[in-house]
Every structure is written in C-alpha cells, then in structure tokens.
Amino acid sequence: MLTNLRAPSRMPLNPPPSRNHSNQQLQSKALYDHQAAYQSFQSVNSVLHDLHVVLKDVSKAFDSVNQDKLLSVMKDVIFDDEYTVEKFTQVIHTKKSLKVHQHLTLAHKDIVTASRKITSRLPSQSLDSVLVKKKQAAMFFSRLERGVRDYNCWMNDEKFGLNFDMNNGQGCRSNRLHVGKDGSSFLRWSGLLVNCSTLEIQADYTRYMNSHLSSTLTVSCRGVVRLNIYQAFLLCAMKFICYISKLSILPRFTPKFCINAINASLRYMHRLIKRKVYSFDVDNAFRPKYDVKKKDVIWLGLHAYSRVLQKKQSRHKKLLCLFRSRLKPYGRLDNMSPELKYAVDDARSSVLWSIKY
C-alpha cells in the first residue's frame, strides 16, 4: 500500500460518479501482486525523489485485528452486506490434455440464479509500505511501534524495514535491509528486493545465503518415497482391523476373502500413484519421476499388513499366516534393497505405531 501522509485519511467520494466506478477506483489502490507493486513504485519514483521507505508487518493480522473497525473504514468501498457470486467451469481441450479451471465472478444484481451469496469481510493486510519524507517516515514508524489499541492492531517487531537512520541515535535497526557489494541498498519485501534509491525491483535471492541450496529442495529421496507408501499401508491396515472388529455382528469374512481384497487394493495403489504422478499439469520439459516397481509396492503393502496383524495375531492367526505365505517368495528382509529396508524401519514410523487400534 502506498501512503501519502499529507492527504486526508479518507478519500472524498461524495457524491461518487457511480458505485461501481468508485469501488473499482479505490480497490485499484491495493497491491494484489508483484506487477501492481512494480507499477505503483514506478509511478511514485517518476515524480518524487529522495524517498524514505518504511516496511512494517502487522502481528497476527488475520487473527487479532478488529474486523468491525476495518469494515467501518472501508464503508466507501464495500457498499453491501452480501454479494452474489457466480461459479463457472472453463474446460480447455487440446490434443494432449484436458484442462479444467474454476472461476468466480460477481453476478449482476438483477440476475437471480443458483449463485451463492458471500458476506463481505475485509481481510487485513499484513504488510504496509510507506513512501514519504524522512521526518514523516520516522514519525510514522514511531506511531506504528506504539500500535493502534482501538483496532487491536500491533506490529511485529521482528519484521520491519527502513532505508534510513532514525534521529534517536540508534542507527538503522532494519532487519530487512540488504546492501550489495556495489553499495546499492535494498529492502526485502514480499519476495522482492526494492532498491532504496530508485525503487526498482529485483527478485530476492538473499534467503539462499545462509544455508546450502540443497536444503531448499522438496524432492523426496528414493527411501522417503517408499516410506510414504509404506506408512499409507500401515494406516490402511490399522483401519482394516477396526472395520473387521466393528463388523463382527455380521457373518464373518473368510481369511481368503480378506487377503484377496487387500491384494487388489495394493495393486490399485500402484496404479493410482502412477496416474497421479503423470497427471501433473507441468511443462513437457519437466515430468515427475516415479520409479517404484509394482512388486515393491505390493511387498510394502504385504509387509505393512503383516506387521499390523502381528499385534492382533490372537484374533487373526489364519489371516496372518496367509500374509506370511505371500511374503515368502520375495525373500528375507535382509536381502531387500536399502530403500525398502529404510522404509520399513519401525523407528521411522513411530508416530503411526503410537496410534491405538
């Protein structure tokens, strides 16, 4: 949000040219994305020089700030208590894929459809950026530090940014300031670096400076992929035990029927994972890799059910014997791949083993 402290706190809209026009005009002041931020910064930079920047974060903005107070401030923007929204689906068919996108749009007030109504609610912005002269910026920063009691609005002292030194001799205490080797000063703001002198915008890569780049990757190793599959089977096996117990009033399912049904679910799991992996809507140059063989998925499932049944073997002796016979052709656990041994290590699933079933 760009603020001019010499302007009145409320924009005069009496009488507005039209409700829709004034609404759109005011909403256009908000910065919804990086492109809007860039345009706003550049428009200010083209007419003003020697600007001072204050970045301040509202502590728990969505949880604590008084929403009624905010709505009273925004009464010139939000005219009605309810708005009717239409939802429609856009289907795009290409030679290689079928894409489905959901959209919401504001319905015309005279159209009565099955559209749903939403109650107007103002989300509180967690970040405030002010571009003013130094004295005004210092006063504004000091005012923010005290908070706004009537609105239950308090600042997060750990997240603030200044591109100037305060007059109280404490120097620049900003924890968002970054100075490059060329002497250029930047403030980190919402994933961007804002040049303190020119307001030009660059991508912020400073978050990679204090750790190894590999720690930021979200690609799971081979062992973790198999661990996730194994833990899903553990939970399914525990739920299976509970279902069988609850259905005890009905004619009992034979052990052969149960293991055939479970074996079918293991094969389905393998097909489901492959389908999900290859259905990602990504560029053709990058495709997720799924290299878990079908026999490994089935073995993980059989081992998971066998381990869970061991804890209830007094009630499921015959079924446990069937699982062990299905596992025998795969060989001993000691001969399995390191990834599979990693996955079935009980210590890595300690949370699941603490579940009561």
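Points 7 angstrom from Cα along the Cβ direction at Lys239 and Met209: gap in nanometres?
4.7
Between Arg222 and His103, what FRET efficiency follows from the Cβ-Cβ distance if R0 is 35 Å, with the result rounded to 0.05?
0.35
Suppose R0 equals 25 Å. What FRET efficiency, 1/(1 + (r/R0)^6) with r the Cβ-Cβ distance, do Val85 and Arg149 give to the nearest 0.05?
0.10
Under the 0.36 nm per residue contour assumption, what length would be gained going from the current alpha-carbon distance of Arg348 and Lys75 to full extension?
92.9 nm is the gain from fully extending Arg348 to Lys75.
Which peptide among 316-329, 342-355 comes first, and what is the full order, when sorted by highest mean count of other Cβ atoms within 10 Å?
316-329, 342-355
Among the lysines, select those whose C-alpha is under 21 Å from the C-alpha of Lys75, and discard any that sit fewer than 8 residues away in the same chain.
List returned: Lys29, Lys109, Lys117.
Residue-wise, which Karplus ³J(HN,Hα) couplings in Hz belong to the stretch 319-336, taking 6.51 cos²θ - 1.76 cosθ + 1.60, θ = phi - 60°, and x for glycine or proline?
Karplus values, whole Hz, x for Gly and Pro: 5, 5, 5, 5, 5, 5, 5, 5, 7, 4, x, 7, x, 6, 4, 4, 8, 6.
Take the residue pairs Lys276/Lys356; Lys246/Lys328; Lys256/Lys295; Lys159/Lys181; Lys294/Lys318; Lys293/Lys341 and return only those whose Cα atoms are more than 22 Å apart.
Values: Lys276/Lys356 30 Å; Lys246/Lys328 31 Å; Lys256/Lys295 20 Å; Lys159/Lys181 24 Å; Lys294/Lys318 26 Å; Lys293/Lys341 15 Å.
From the list (Lys276/Lys356; Lys246/Lys328; Lys256/Lys295; Lys159/Lys181; Lys294/Lys318; Lys293/Lys341), the Cα-Cα distance tops 22 Å for Lys276/Lys356; Lys246/Lys328; Lys159/Lys181; Lys294/Lys318.
Here, each number is a calculation from the coordinates, and none is a lab measurement. What you see is a predicted model; the values in this text were computed from it and never measured. Please note: Cβ atoms are built from the backbone with ideal geometry, for glycine as well, and neighbour counts cover all protein chains shown.
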